[in-house]
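Nothing in this text is a laboratory measurement; each read-out follows from the coordinates by a stated rule. All values derive from a computational prediction rather than experimental measurement. Glycine also receives a Cβ, built like all others from the backbone with ideal geometry; neighbour counts cover every protein chain displayed.
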Amino acid sequence: MADKIIEAKDVSKWYGTFRVLTDINLTVGKGERIVICGPSGSGKSTLIRCFNRLEAHQEGEIIVNGIRLHNRMRNVAEVRKHVGMVFQQFNLFPHMTVLMNCMVGPMWIKGVPEAAARKTALRFLERVRIPEQANKYPVRLSGGQQQRVAIARSLCMEPAVMLFDEPTSSLDPEMVAEVLETMTSLARDGMTMVCVTHEMGFARAVADRVLFMDSGRIVEEGKPQDFFTNPRHERTKLFLSQIL
Ligand code: ADP
Ligand code: MG
């Protein structure tokens with residue numbers, strides 16, 4: 001793989017005495033789209049939160065965009081510049097307009113001048129097809145619109161990789177499609193993406209690889225075609241039978 005954006009080698013993590021991740025090995029190449037699925041509590045969120053150092057791992061090695069993540073690192077902010085994250089709960093700043101939500105990251109973290117930040121913000125709000133909402137506050141927007149703003153806000157930082165943690169799980173059903181469409185179009189444009197989601201239609205259409213996690217381990221991984229039509233492990237079969 002030419003350009004590795006994320007490299008995790010034998011990664012383990014504990015919450016106190018509870019081992020939440022066990023011997024995780026995963027490499028994400030530039031432009032790759034990975035979907036992670038698995039039962040609730042299997043460690044999916046913890047794993048991707050380790051990739052932008054929202055959580056610390058205790059064993060093994062994680063390298064993100066060339067930076068090794070470890071306990072004594074001083075440049076966590078540098079890592080987060082390169083890693084966009086979209087959460088289940090959109091986590092927009094409620095006291096800022098949609099436009100400002102998209103401008104503050106580049107201005108405060110990257111030192112981009114206001115006019116340039118505004119231009120970039122508008123470009124990405126157009127990219128997620130809601131430029132007309134720019135001057136509203138998040139509370140005025142639907143859930144689907146808020147999640148698209150959250151995606152635009154991340155894109156404004158021009159990240160090397162985007163992490164999605166169940167981005168459609170808290171949306172009303174009629175809004176799921178618009179967010180998945182936005183994600184699909186990002187994928188088509190070549191964005192490197194790691195998506196925790198149970199939207200298997202999205203996984204089939206977009207993923208290069210699908211990973212199944214259970215009890216803190218990657219139990220199975222494969223191309224969507226193989227993964228869905230011919231899962232090898234009983235736990236994967238059971239899981240798929242429950243959600244499909
Ligand atoms: P998933 O995203 O697959 O549902 P999580 O990564 O959120 O799984 O959680 C994995 C396990 O770790 C769960 O058993 C959860 O209760 C536990 N866990 C998550 N966060 C913490 C925490 N901050 N402290 C202790 N246990 C946690
Ligand atoms: Mg989770």
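Computed extension gain for R204 through F18, at 0.36 nm per residue and net of the alpha carbon distance, reaches 63.6 nm.
Rg/Rh, computed from the Cα trace of the stretch 89-193 with Rh as the Kirkwood radius, has the value 0.94.
Note on the chain: Cα convex hull, mean projected area over all directions, 13.5 nm².
Under 5 Å from the amide H of D3 lie the amide H atoms of K30, each residue being 5 or more positions distant or on a separate chain, with H modelled from the backbone and absent for Pro and chain starts.
Local charge for V219 was computed over the other residues whose Cβ lies under 14 Å away, with Lys and Arg +1 and Asp and Glu -1, and equals +1. Against the chain, whose longest principal axis is taken from its Cα atoms, helix 173-188 shows a tilt of about 90°. If the segment from A56 to Q89 were pulled out straight at 0.36 nm per residue, it would be longer than the present Cα-Cα gap by 9.7 nm. Each peptide in 165-171, 222-228 gets a packing score, the mean of other Cβ atoms within 10 Å over its residues, and the list from highest to lowest is 165-171, 222-228.
Short-range pairs are left out: with C-alpha atoms under 8 Å and at least six residues apart, the relative contact order of the chain is 26 percent. In the chain, what percentage of the DSSP-assigned beta bridges are antiparallel, given to the nearest 5? Around 55 percent antiparallel, to the nearest 5. Per residue, the Cα convex hull of the stretch 1-57 amounts to 82 Å³. With both labels modelled 7 Å from their Cα along Cα-to-Cβ, the I63 to S40 distance reads 3.8 nm.
Calculate the FRET efficiency for K4 and D172 from the Cβ-Cβ distance with a Förster distance of 41 Å, rounded to the nearest 0.05. E between K4 and D172, to the nearest 0.05, is 0.60.
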